[in-house]
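The values are calculated or read from the model by the stated rules, or taken from the named source; none is laboratory data. The structure presented is a predicted model; accordingly, all values stated were derived computationally and were not measured. Every residue, glycine among them, receives a Cβ derived from its backbone with ideal geometry; neighbour counts consider all protein chains shown.
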Amino acid sequence: MNQKLLDAIERLGNRLPDPALLFVWALLLVWVLSAGLSQVEFTAVDPRDGKPIKVVNQLNPKVLVPFVANSVKTFVEFPPLGLVLVALLGVGVAEHAGFVQAGLKALMRVTPKALLTPALLFVGLLSHTAGDSGYVVVIPLGAVMFAAAGRHPLLGITTAFAGVSGGFSACLVPAGLDPLLQGFTQKAAQIIDPSATVNPLCNWGFMSGSCAMIILIGWYVTDKIIEPRVARMPLDGTDQPPPLEPLSRDEVRGLAVGGSVLAFMLGGLALWCLPANSPWRTEAGDLVGRDAPLMKAIVPLIFLLFLIPGIVYGSLAGTIRSHRDVIKGMTKSMSSMGYYMVMAFFAAQFTAAFAQSNLGVLTAVEGAMQMKKLNLPPQVTIVGIILLTAVLDLLIGSASAKWAILAPIFVPMLMNLGISPELTQAAYRIGDSTVNIVTPLMPYFPLVVVYAQRYVKSTGIGTMVSLMIPYSLMFLAGWTVLLLIWWQVGIPLGLEATYTWPR
């Protein structure tokens, strides 16, 4: 990809307001648009309730006053905020004690430098089994890992971000997103056929096979396009890569015991989850559904899985001598999150207003209806769904929120064209994943900017967007082509999945 074009994108993006102010402007825009469009009578029907879409005027006193009154609650209940802060309490202790750094040094000894990029991409993809936890664990550790190998830490951030977010639907192990999307798909399919059923793992074959494609494309983009680019960026942030020195005897002992404690905790949790009546399962025996206690406890578990081994390591390595060192590690991790919390406050307000205004629903439904009117051939229609979803992903970050709106339109529409619900869902997942990494309105995007600023102070929105665009475009193109080939060859999409629907 042309580096001059990426330079221009970076300059243009960095002229945008600070990310916090960007959310303020976005909020003001929502208020103005909602006030104007609330006067318009739309014929488009909201698929969630079957009623015509009505844009809610956010400047109406009956809406604005409760919005202001609930602003603190909106901030406190902003989903990414709790995940980030609680998880980082444990990660902060492990980093302060040196447990993370020691583990990465040991990993560097057994991982060839040439395979570091695909290894990090694979870990990013694997993190999907734990929901959004990859944003607070894998991405910052990617920076440390690359720095330990003598490579630019921003390269580790972009690589991990690409795996965690750009390839969000690709995963070897079934994740909570599978049954979440399946529920909307099945309900939408039953509009045409009340007896229709969709297997929760209907896309698992394709999504697990997609991992190889994401890793290969991500590997190429990282090493050939992004590495020469970040090499020009001076390391002038508050966190600088430590020298890669051999582990001392105490560090080796601490790492061995701390690692054993971590393995024991993971093994114990796995055994606890095995029984059909395990308290970590739902009443139906599900471990990975959105209502499963295990999925709800992912963040506290991450906290404990870093905290306890980190304390054990620090006690043996001499980096933790009292409880004050533990608290110091937590405090240090929280102090670096001040900027993110400012951005999160305004992001939470914008997200709440945008959802309440129904502007996102209107955009999605109108876009889907325009696609329906085009009446394109099946293959072109599938590509169109991918591209429309990608555009909507710039506005609506949540995969389930978008699919709740689009599934009742896309699934029946394509069933009437002879395309199965499973294929429609797979196309949606491609468009939903690949644009996450280039939209500043994605809730975790400001967090990634904060990670990058630890190493390069001048990192802004434009910098991150210019670094992630090559991943996004190549993932989008490669994944779309892969689905078309998968379809043409007839490789199963997943369990009980077909490509066609009898008309």
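Brief remarks on what is shown
- Residue that is surrounded by the fewest Cβ atoms within 10 Å (Cβ to Cβ), among those in region 419-442 that are of a type in the set (G, A, S) and in a helix (DSSP H, G or I): G431
- Taking region 329-340 as the range and being in a helix (DSSP H, G or I), of a type in the set (A, V, I, L, M), surrounded by 16 or more Cβ atoms within 10 Å (Cβ to Cβ) and within 23 Å of the chain's Cα centre (by Cα) as the test, no residue passes.
- Every condition in (1) at pLDDT 85 or above; (2) surrounded by 23 or more Cβ atoms within 10 Å (Cβ to Cβ) is met by V456 except one, and the failing one is (2).
- N2 meets the conditions (1) modelled with pLDDT under 75; (2) out of contact with any helix residue (DSSP H, G or I) (no Cβ under 6 Å at 6 or more places or on another chain); (3) surrounded by 13 or more Cβ atoms within 10 Å (Cβ to Cβ); (4) not acidic (D, E) in every case but one. The failed one is (3).
- Flag for I320 being more than 27 Å from L180 (Cβ to Cβ) and either buried (at least 19 other Cβ atoms within 10 Å of the Cβ) or not small (G, A, S) (or both): yes
- Of the candidates S315, S278, S357, S322, the single residue that is of a type outside the set (D, E, K, R) and under 30 Å from S71 (Cβ atoms) is S357.
- Count of region 373-416 residues which are hydrophobic (A, V, I, L, M, F, W, C), part of a loop (DSSP other than H, G, I, E, B) and surrounded by fewer than 18 Cβ atoms within 10 Å (Cβ to Cβ): 3
- Unmet requirement for A390, which otherwise passes all of (1) closer than 19 Å to A355 by Cα; (2) out of contact with any Leu (no Cβ under 7 Å at 6 or more places or on another chain); (3) at pLDDT 90 or above: (2)
- Residue selected from region 147-164 under the condition at pLDDT below 90 and part of a helix (DSSP H, G or I), by the criterion surrounded by the most Cβ atoms within 10 Å (Cβ to Cβ): A147
- Single residue of region 117-133 satisfying the filter (within 13 Å of the chain's Cα centre (by Cα) and modelled with pLDDT of 80 or more) that is surrounded by the fewest Cβ atoms within 10 Å (Cβ to Cβ): L126
- The selection criterion, being of a type in the set (A, V, I, L, M, F, W, C), within 16 Å of the chain's Cα centre (by Cα) and farther than 23 Å from A348 by Cα, does not hold for I409.
- Of all residues in region 208-218, at least one satisfies being touching a helix residue (DSSP H, G or I) at 6+ places or on another chain (Cβ under 6 Å), among the aliphatic types (A, V, I, L, M), part of a helix (DSSP H, G or I) and surrounded by 19 or more Cβ atoms within 10 Å (Cβ to Cβ).
Conditions tested, residue by residue: (1) under 15 Å from S336 (Cβ atoms); (2) surrounded by fewer than 21 Cβ atoms within 10 Å (Cβ to Cβ).
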{"position": "L88", "(1), (2)": "yes, no"}
{"position": "V91", "(1), (2)": "yes, no"}
{"position": "H96", "(1), (2)": "yes, no"}
{"position": "F99", "(1), (2)": "no, no"}
{"position": "L115", "(1), (2)": "no, yes"}
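- Some residue of region 443-450 being assigned to a helix (DSSP H, G or I), of a type outside the set (V, I, T) and modelled with pLDDT of 90 or more: no
Residue-wise test of (1) at pLDDT 90 or above; (2) surrounded by fewer than 16 Cβ atoms within 10 Å (Cβ to Cβ).
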{"site": "D239", "(1), (2)": "no, no"}
{"site": "L244", "(1), (2)": "no, yes"}
{"site": "L247", "(1), (2)": "no, no"}
{"site": "R253", "(1), (2)": "yes, yes"}
{"site": "L266", "(1), (2)": "yes, yes"}
{"site": "L271", "(1), (2)": "yes, yes"}
{"site": "A276", "(1), (2)": "no, yes"}
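- Residues in region 199-219 that are of a type in the set (A, V, I, L, M) and at pLDDT below 90: L201 alone.
- A single member of K373, K402 is within 21 Å of I191 (Cα to Cα), touching a helix residue (DSSP H, G or I) at 6+ places or on another chain (Cβ under 8 Å) and free of Cβ contacts under 8 Å to residues at least 60 places away in the same chain, and it is K402.
- Listed conditions (1) of a type outside the set (V, I, T); (2) more than 24 Å from T158 (Cβ to Cβ); (3) over 20 Å from the mean Cα position of the chain (by Cα) are all met by A426, apart from (3).
- Yes/no for G360 being farther than 17 Å from D178 by Cβ, under 24 Å from the mean Cα position of the chain (by Cα), modelled with pLDDT under 90 and in a loop (DSSP other than H, G, I, E, B): no
- Close pairs from region 205-230: first closer than 17 Å to K4 by Cβ, partner not in a helix (DSSP H, G or I), Cβ under 7 Å, at least 6 apart: I225/M1; V230/H152
- Single condition V326 does not satisfy, out of (1) buried (at least 16 other Cβ atoms within 10 Å of the Cβ); (2) closer than 19 Å to A401 by Cβ: (2)
- Any chance Q39 is of a type outside the set (D, E, K, R), part of a loop (DSSP other than H, G, I, E, B) and surrounded by 13 or more Cβ atoms within 10 Å (Cβ to Cβ): no
- Annotation note: Cβ proximity below 7 Å between a residue of region 43-54 that is of a type outside the set (A, V, I, L, M) and a residue that is assigned to a strand (DSSP E or B) (sequence gap 6+ or interchain) occurs for T43/P52; K51/V45; P52/V45.
- Any chance L484 is part of a helix (DSSP H, G or I), surrounded by fewer than 19 Cβ atoms within 10 Å (Cβ to Cβ) and in contact (Cβ under 8 Å) with a residue 40 or more places away in the chain: yes
- For region 301-330, residues that are of a type outside the set (A, V, I, L, M, F, W, C) and either closer than 27 Å to Q58 by Cα or without any contact (Cβ under 8 Å) to a residue 24 or more places away in the chain (or both) total 4.
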